[in-house]
1. Exactly one of these conditions fails for Glu98: (1) open to solvent by 90 Å² or more (accessible area, probe 1.4 Å); (2) in a helix (DSSP H, G or I); (3) touching a residue at least 60 places away in the same chain (Cβ under 8 Å). Give me its number.
2. Within the range 557-576, which residues are in contact with a Ser or Thr (Cβ under 7 Å, 6 or more places away or on another chain) and either surrounded by 15 or more Cβ atoms within 10 Å (Cβ to Cβ) or free of Cβ contacts under 8 Å to residues at least 40 places away in the same chain (or both)?
3. Condition first: assigned to a helix (DSSP H, G or I) and open to solvent by 40 Å² or more (accessible area, probe 1.4 Å). Now tell me which residues in the range 780-799 satisfy that.
4. For Lys202, work out the one condition from (1) modelled with pLDDT of 85 or more; (2) more than 30 Å from Gln134 (Cα to Cα) it doesn't fulfil.
5. Of the conditions (1) farther than 20 Å from Thr681 by Cα; (2) touching a helix residue (DSSP H, G or I) at 6+ places or on another chain (Cβ under 9 Å); (3) modelled with pLDDT under 85, Gly737 fails just one. Which one is it?
6. Go through (1) farther than 13 Å from Val175 by Cβ; (2) open to solvent by 50 Å² or more (accessible area, probe 1.4 Å) for His284 and report which single condition fails.
7. Show the residue pairs that are 6+ apart or on different chains and have beta-carbon atoms under 9 Å apart, the first residue being within the range 244-256 and under 9 Å from Ala217 (Cα atoms), the second being of a type in the set (Ser, Thr, Tyr) and surrounded by fewer than 24 Cβ atoms within 10 Å (Cβ to Cβ).
8. Looking only at the range 674-729, which residues are part of a loop (DSSP other than H, G, I, E, B) and among the hydroxyl-bearing types (Ser, Thr, Tyr)?
Amino acid sequence: MSLDTSPEEGLLASSTTLKALLDFSGDLLAVFQADRTLSYVNEAFTRVLGYSSAELLGNTMDSIHHPLELRAVLQKFSQAQSDRKQNTPGRCRLRSKEGLWLAFDFEVSNHLHTPGIEGVLVSFRNVNDLRRLQAERQVISDVVHALNHTSNLDQLLSQIHQALKKVVYAENCFVALREPATEMFHFAFYVDQFDPPPPPQKIARTCMAYVFRTGEAQLIPQKEFDRLAAEGEVELVGSASPAWLGVPLKTPTETIGVLVVQHYQNENAYDQRDLEFIDSVGGHIALAIERRRSEEALRKSESMFRLLFSRTPLPKWVFDMETGKFLLVNEAATKQYGYTEEEFRRMTVLDLRPASERNAGDDIWRHPSLSVFHQGQWRHQSKDGRVFKVELATHELEYGGRRVRLVIAQDISERQLLEEQLRQAQKMEAVGRLAGGVAHDFNNLLMVIKGHTELLLGSIQPEDPSRRKIEQIDRSADRATSLTRQLLAFSRMQVLQPRSINLNSIVDEMGKLIPRLIGEDIELAIHTSPDLGTIRADASQMEQIIMNLAVNARDAMPKGGKLIIETSNTELDGTYRSSHPVVKPGRYILLAVSDTGIGMDVETQAHIFEPFFTTKEQGKGTGLGLSTVYGVVKQSGGFIWVYSEKGKGATFKIYLPRVDEAADEVGHAHTSTQVMRGTETVLLAEDEQDVREVAREFLESAGYTVILAANGEEAIARVEEQSGQIDLLVTDMIMPGMTGLELVRRLRQHRLDFGVIYMSGYSEQAAAEATKADQTAIVLTKPFSRIAILRAVREVLQNKPKK
């Protein structure tokens, strides 16, 4: 039928207006002659199916109808020809020129006797998208149904596969799951036209592994595979497939595997819509697998689950989201809040809030801010009225046909206290640095005071009236020296002499002295572990710790009581660290000192290690005792905690790192008062002029020749000027511009054969480095006496390495 015929040959063919209207229609329109040959198709028909008019007109549509549906379509056509008044509907699939089967709803109407048409008019409506959408919904419905009614994972995946084939080509399909412990992929489901199910394996460069690694759905036709292979992302394993589609199986927390479909013949078998659909199905499959795994685990350990719920140390409960009433509570909740299970069941979650914050109309459990999983902090009140802060983690779920929330509660009062203690420790660290700096400068002043008093006392007669005054100055300087040593101990800057010791020997020795210190009305009990390990610490500082804690305990028991000193081996693990964040897990020696005294409240405990903090009345204490203990413990690499309640005594627990070394014998060095003289040449480098002058007088009084230098550069210049041998260098450890350590290194470059004595106001770390670098070096802690420096000089000169 030609569209260029004359007007009398038919209205349809001659009316360009009508043709334009028909071409504008979204439906596919076709006119058939009585013998079913096509005489007209509109533009939509050719556009959707891809054929030209020349390929269709004059032919039947038998070749593009689906073979299984052709007989039914012919019946509809015959029915329409025999009934002119009734339109005949139907459904069919037509093959496009690209070979795709498209779904249509059609309606046949008889216009064989209608002027201008004179044929059978068929209107095809493309329902491919609608059917696809319906099929996708059905697949999702089938997946959800299988999830809810199939307990066996193999059956579940098989049913999902059957549902999947309703929408996409899935004759070649598999589900690969990754086992985190072994990093192996095993194939929970596998159907394929060519390859058998593979064994569990590690596959690093397959398309499947690429999807798992990237966590993204991938459509990989042959061209894309070639590109990825060239980049080293993938490699061929098994049979090649020109159309490959894989999606990651993701749970809310992790990627557990990959779902793959592939076609071995048609490169265009899958498109982006297929990718999006399979990806959505993959999400359901992941949840289904995860749910099945969880259900299987729950079935295997149901009794364990009940035990964990009831015995877990954290309070747990389940409450109804509509009413807020408790449905289940565990034992920890009853202990934490003081209510019995029966009392909980008569309460709502609102009843746990402090009385002042309750509001009968405030149904917080249905607040829109509460997501499926919620975490937050709340104030709760126990049955006895104690108000405390808790951190809640809640999860919405189904329980017994109700919408409920599972709640895990953690009392964070102690954690907040620990955080406050950490802030306090940081503040103490800053105060310690300040105290250490002050003590360092003060020691230089004391060096001058004590040095000159010693020189004065050596130059006047015993009967001189001024001698008593000078001795009083010397005693006051000694007291000031003791205070600065405590400041240095607190700030962890004093010079220690660590050795491997068994703490039991220290405790035993101190046990002989403490009774005279604490008085007869206080009972002393000592419990030491016979197999106690070894620590590396300064023995005298350990004595100071025990002494200070004993004095502190004595003052806390004005009416008498009991003082207990204990030692034991212990190991601190991650559990202990959870409540003591600054602790490093490992093996420790525990020194515990307890008393039955008046105890301390929380506020006092927060300040007891601060320098100058004291609860004693004016003039009865310096406030440095416990701060000294704190500093020595920290400098020794340990930790100290106090446990106390008002009226219930106190316990100080000190944890010191245990070492795998044999303990040295603890003894006290013999202190001879003999002053050894000499004639050697000494280079004295000290930036403080007054200290430098005192040290010079000490040395010259014993016959030594002294060369003075105010700093490191000047000391080097004096060496270069000196024609004779320099036997000894006495240098301050900390000087502006150049440290004592650097000065020694610079002078050693000239291969000078000299001994070394370092003078230090603190700098324990530098002192340790100095003695480590030179075993013959000695460290003198300021302020030092004339006897101390002269004895040190003779010791170094006698041990000086020979040329």
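The values are calculated or read from the model by the stated rules, or taken from the named source; none is laboratory data. Keep in mind that this is a model prediction, so the values were computed, not measured. Methodologically, a virtual Cβ is constructed for each residue, glycine included, from the backbone with ideal geometry; neighbour enumeration extends over all protein chains shown. Ligands, DNA and RNA are excluded from the accessible area calculation, which covers all protein heavy atoms including side chains. Shrake-Rupley method; radii C 1.70, N 1.55, O 1.52, S 1.80 Å.
1. (2)
2. Met557, Gly561, Lys562, Ile564, Thr567, Ser568
3. Arg786, Ile787, Arg791, Glu795, Gln798, Asn799
4. Answer for Lys202: the failing condition is (1).
5. In the conditions (1) farther than 20 Å from Thr681 by Cα; (2) touching a helix residue (DSSP H, G or I) at 6+ places or on another chain (Cβ under 9 Å); (3) modelled with pLDDT under 85, Gly737 misses (3) alone.
6. In the conditions (1) farther than 13 Å from Val175 by Cβ; (2) open to solvent by 50 Å² or more (accessible area, probe 1.4 Å), His284 misses (1) alone.
7. Matching pairs, first to second residue: Leu245/Tyr270; Gly246/Tyr210; Val247/Ser280; Pro248/Thr214; Pro248/Thr255.
8. Thr679, Ser701, Tyr704, Ser723
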